[in-house]
Structure formats: structure tokens, C-alpha cells
Amino acid sequence: MSDLFDYSGRTVFVAGGTSGINLGVARAFAQAGASVGVLSRSPDKVRAAVDSIGESGVTVLGFAADVRDYEAVAQGIGAICGEIGELDVLVSGAAGNFPAAVDTMSAGAFAAVVDIDLKGTFNVLRAGREHLRAPGASVITISAPQSTIPMAMQAHACAAKAGVDMLTKCAALEWGHHGIRVNAVMPGPIEDTEGMARLAPTPQMADLVTRSVPMGRYGTAQEIADCCLWLASPYAAYVNGAIIPVDGGWSLGGASEVFTAMRNMLAG
Ligand code: NAP
Ligand code: COA
């Protein structure tokens, strides 16, 4: 699907774009011709991502920073935009997650996820705003089914991603007047990702998840990237403030049930 879209001469920044889904998104924009910037904590992951995305032959730059640190994020985005120019697309997808029950997780554990997912998304949008092409830019946050569906062992991620959705909609409301669209993509369970390795670590759990998806399979990072390519394109010119599930129908019901089943398995 990627070849339907031509991003030559465009610029894209992906916060958290050094592994998994976000790396797939960054790579897809690069393969479509865009100059790309990525940011995450690990300098090694940043280097590896820049090298692998750069195989597309486009300009790729990276910066190591923690999205919880506003000044570092602002410096990173500023430095990269100083090289590639103002942004046509800003993707905010850095996140952390692990299964933990409300009655046993520490306050620090809850705070870590809220700080990375929600406050980190604010930092990326706030710091990125002055570098967005106006009119014309497209901002994409990465949500999760947890944002609207209560799930056992996911209170931290549910609270954080619900906040991400609301932040997305508020920014869409404010920035629409400037010709900047802000939307969220909500992935379902995606294969070969750290997220699902943590949430469904055994073959038995992965099978439970697979069977709970109406389409009967995990999605791919490319399928999330394809939605981002569409969202940032003129084909989605009037889409603003939308939270778009790309989840095989998982959020229609199975997503909640499967986490309750997994909690029961863990409880023995
Ligand atoms: P992943 O590979 O672990 O990707 C997370 C990325 O964020 C990495 O590049 C990581 O790099 C970076 N990161 C984490 N904490 C950070 C921080 N504090 N500051 C800056 N960067 C940080 O995970 P994934 O499973 O592909 O998930 C990617 C996104 O999709 C997340 O927003 C997640 O909530 C969402 N999602 C995933 C699934 C799924 O099935 N996997 C489903 C729904 C939604 P560093 O370690 O170098 O910081
Ligand atoms: N279960 C329960 N609590 C956990 C946990 C787990 N599996 N992993 C970490 N925590 C707690 C820690 O004990 C700590 O609590 P404390 O402050 O009370 O001591 C708190 O969470 C922060 O942990 P720490 O390791 O210091 O955080 P960090 O900032 O270095 O890392 C995480 C953030 C915890 C989210 C880490 O898992 C991470 O970096 N994840 C990124 C990758 C990822 O999760 N990918 C999937 C995205 S969907």
C-alpha cells in the first residue's frame, strides 16, 4: 500500500521511532520518500534505527532523549528540524507498559507509564508545535484499545492512553484553525512487538489474544504504518480529531475479555 503515497520532499518526525510499531511507521515514511527524524532514550537504538531506516536512501537523523524531559525533547526536535526543515508529519508513539494489578503496582510504576505515555505525548506535541508546517501539517498520536476499554492489569496504560486520546482531540480542536490536523491511530495486538511480548508472553496467552480478535490474527507494524501514510496524506484532508482503530475489530469486545482471562491464568 505504501507506494500509493509519495512523501518526497516531506519531513517526518517520530518520537519513539526506534523499535516496533513506531520504527515501522518511520521506515514506511522513509520508503515513501520523506526525510525522517527519530527520538528515543537509547543512543544504541537511535543509531541502529537511523542506519536501518537510512537504507531507503533518504535523509534520516536521530537524537537520544527521554520524552519525560521536556527540555531534552525540545532540543532534540529543534536540532533535527534545523537540519531537515519544518515538519509535515509529527508522530508521537513513545510508551511503556507491563502487566500489573492496581492492588500491587507501586505508585512509581503507575507514574512511570503515565509520565511516558501521556505527559511524554504532551511534551512531544508542545515542543513540536513551533516546527509544524502551518497550514498542512499532520500530527498522529499512537493510542491503544486501553484508552476506551477497561482492562485487567492495565489501569496505568488505560489511564495514560485515555489521556492521550483526549489530548489528541483538544489539540485537534485548537490547531485545526491553523490548518494542522491531529489524529490518533489505535493499534490492536501487533505481531513481533515489545508490547505484545510483555502483555501476552506465552504461546497460550498469544493464542487467547489471537482468538479474541474478530479477524483471528495479530496485525503488523506495516498495517499501522499504512494508516499513518493515509492519515498524513491529502486523502485524509478533512479527518481531524479522530481516534482510528486499526485492530481487526479487537476493540469491539475481545480486548477486554482476554485480559480478564489472562489475569485469571496468572492468579492460577
Ligand atoms: P516498543 O518497540 O517498545 O516501542 C516503544 C518506543 O518508545 C521505543 O522506540 C522506545 O525506545 C521508546 N521509548 C520508550 N520509553 C521512552 C521514553 N521514556 N522516552 C523516549 N522514548 C521512549 O513498543 P511497541 O509495542 O512497538 O509499541 C509502540 C506504540 O504502539 C506504543 O505507543 C504502544 O502503546 C502502542 N501500541 C502497541 C500495541 C502492540 O501490540 N504492541 C498495541 C496498541 C498500542 P527506547 O527504549 O530507546 O526509549
Ligand atoms: N511490574 C510492576 N512494576 C514495574 C514493572 C513491572 N513489570 N516494571 C517496572 N515497574 C516499576 C518499577 O518497580 C518502578 O517502581 P518504583 O518507582 O516504585 O520503584 C517503576 O515501575 C519505574 O520503573 P523503572 O525501571 O525505574 O522505569 P524506567 O523509567 O526505567 O522504565 C518502564 C519505564 C518501566 C515502562 C520500562 O518497562 C520501559 O522502559 N518500557 C519501554 C518499552 C515498553 O514498555 N514497550 C512496550 C510499549 S507498549
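Quick note: the coordinates plus some simple rules give every number you see, no bench work behind them. Only a predicted model underlies this, so the values are computations on that prediction, with no experimental measurement involved. When we count neighbours, we look across all protein chains shown, and the Cβ atoms used for this are built from the backbone with ideal geometry, even at glycine.
Things to note:
- Subset of the range 90-109 [more than 18 Å from residue 165 (Cβ to Cβ) and not hydroxyl-bearing (Ser, Thr, Tyr)]: 98, 99, 100, 101, 102, 103, 105, 107, 108, 109
- Residue count for the range 214-245, restricted to those that are hydrophobic (A, V, I, L, M, F, W, C), in a loop (DSSP other than H, G, I, E, B) and within 11 Å of ligand 1 (Cβ to nearest atom): 0
- In this structure, residue 164 does not qualify as away from ligand 1 (no atom under 15 Å from the Cβ) and surrounded by 21 or more Cβ atoms within 10 Å (Cβ to Cβ).
- Residues of the range 66-89 classified as surrounded by 21 or more Cβ atoms within 10 Å (Cβ to Cβ) and within 13 Å of ligand 2 (Cβ to nearest atom), total: 1
- Across the range 30-56, the qualifying residues are those that are within 10 Å of ligand 1 (Cβ to nearest atom) and touching a Ser or Thr at 6+ places or on another chain (Cβ under 6 Å), and the one among them that is farthest from residue 67 (Cα to Cα) is 49.
- Residue 92 being within 16 Å of ligand 2 (Cβ to nearest atom) and surrounded by 20 or more Cβ atoms within 10 Å (Cβ to Cβ): yes
- Hits in the range 113-156 (condition: of a type in the set (A, V, I, L, M) and under 13 Å from the mean Cα position of the chain (by Cα)): 116, 118, 124, 125, 139, 140, 142, 144
- Search result, residues across the range 198-239 that are of a type in the set (D, E, K, R) and crowded, with 16+ Cβ neighbours inside 10 Å: 223, 226
- For the range 121-133, the criterion of being among the β-branched types (Val, Ile, Thr) and more than 14 Å from ligand 1 (Cβ to nearest atom) is satisfied by no residue at all.
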